[in-house]
1. Can you tell me which residue within segment 76-95, out of those that are assigned to a loop (DSSP other than H, G, I, E, B) and not small (G, A, S), is nearest to T184 (Cα to Cα)?
2. Hey, can you tell me all the residues within segment 179-231 that are open to solvent by 10 Å² or more (accessible area, probe 1.4 Å), β-branched (V, I, T) and within 27 Å of F79 (Cα to Cα)?
3. Every residue in segment 139-160 that is surrounded by 21 or more Cβ atoms within 10 Å (Cβ to Cβ) and part of a loop (DSSP other than H, G, I, E, B), please.
4. Which of the numbered conditions does A176 fail, given that it passes all the others? Conditions: (1) closer than 30 Å to V130 by Cα; (2) at pLDDT 95 or above.
5. Give segment 75-111 a look and list any residue that's open to solvent by less than 10 Å² (accessible area, probe 1.4 Å) and of a type in the set (S, T, N, Q), or say none.
6. Pairs please, first residue from segment 96-108 and assigned to a helix (DSSP H, G or I), second anywhere and among the basic types (K, R) and surrounded by fewer than 19 Cβ atoms within 10 Å (Cβ to Cβ), Cβ atoms under 9 Å, 6+ apart in sequence or on different chains.
7. Could you tell me whether segment 192-215 includes any residue that is part of a strand (DSSP E or B), closer than 30 Å to E167 by Cα and touching a Cys at 6+ places or on another chain (Cβ under 7 Å)?
8. From the list V178, V171, which one is in contact (Cβ under 8 Å) with a residue 40 or more places away in the chain, touching a His at 6+ places or on another chain (Cβ under 7 Å) and of a type in the set (V, I, T)?
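The values are calculated or read from the model by the stated rules, or taken from the named source; none is laboratory data. Here the structure is a predicted model, which means the values were calculated and not measured. A quick note on method: Cβ atoms are made from the backbone with ideal geometry, for glycine too, and the neighbour counts reach across all protein chains shown. Just the protein is used for accessible areas: all its heavy atoms, side chains included, with ligands, DNA and RNA removed. Shrake-Rupley method; radii C 1.70, N 1.55, O 1.52, S 1.80 Å.
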Amino acid sequence: MNRTTPAPRTARSSAAPRRRATRRALAVATTALLTAALAACGTSSGSEAPAAGATSSPDAAVEEQTLTVLAAASLRDVFAELAEGFETEHDGVTVALSFAGSADLADQLLAGSPGDVFASADTKNMDRVVEGGDAADPVVFATNTLTVVVPAGNPGGVTSFADLSREDLKVVVCAAEVPCGSATAKVEAAAGTAVHRVSEEASVTDVLAKVTAGEADAGIVYVTDATLAGDDVEVIDVPETRTVVNTYPIAMTSGAADAALAQEWLDLVTGPVGQAALAKAGFGAP
């Protein structure tokens, strides 16, 4: 009986390794092409592949910045409102507000204290800072006038500016070097009345605090401060106080850390949003 001689096993065994090698080569080539395509076109999410050695993060880091604004005490509430909106529109920015009498703030800047913006309640103290080289190109952004306030119920019976000369009354005013104090002196001169002052305060808010606390029978403050005090005080509307107008200038300091950011604050205060907020608080137009 004839038998077919089987084919040599060596032929089949040598062909299999060649096929496996071919498949491996194709797989390597396919992987290389896919990697190149992903690098060129990005991942399926649409984001680019990170560079070698780079650390990927879902969000870019936001730079933290602080804008320091030195402002007259009478600007406290309106600037606080503006700062809140400014921070909302500037990620990572904090507006650090420092309020005091304009003379004190000017002294601080001239002594080298840091600050990016200075807003004064008068031109006199702004001029000091400009002449000292600590600010430049101030812009007037608001005006203000004085008024007389008394505690609720008017226990001293004040009805006129002349009443403030009575020795039985305790009247508080701003110190002469403070803008509201300088304006008070001008009103006294124009009215021919010497106010019977029992204390002179470093800021207009300090005058208002003594009146609302019942520590004084009357005080001379800005119209804006009287408005903010609401029912805590009564306003004695006298024509003499309206004869003197305080002008409010604002300027970037020479030591501003970020001039562009400081300019944005100036633009806010002098622009439509800032002017509307100032008018609502009782300030006059520049």
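1. Across segment 76-95, the extreme among qualifying residues is H90.
2. Across segment 179-231, the qualifying residues are T205, T212, V223, T227.
3. Once the filter is applied, which keeps residues that are surrounded by 21 or more Cβ atoms within 10 Å (Cβ to Cβ) and part of a loop (DSSP other than H, G, I, E, B), segment 139-160 yields only V158.
4. Condition (2) is where A176 drops out.
5. S102
6. Sorted first by the residue in segment 96-108, then by its partner, the pairs are S102/K124; A103/K124; A103/R128; A106/K124; A106/R128; D107/R128.
7. Among the residues of segment 192-215, at least one is part of a strand (DSSP E or B), closer than 30 Å to E167 by Cα and touching a Cys at 6+ places or on another chain (Cβ under 7 Å), which makes the answer yes.
8. Exactly one residue qualifies, and that residue is V171.
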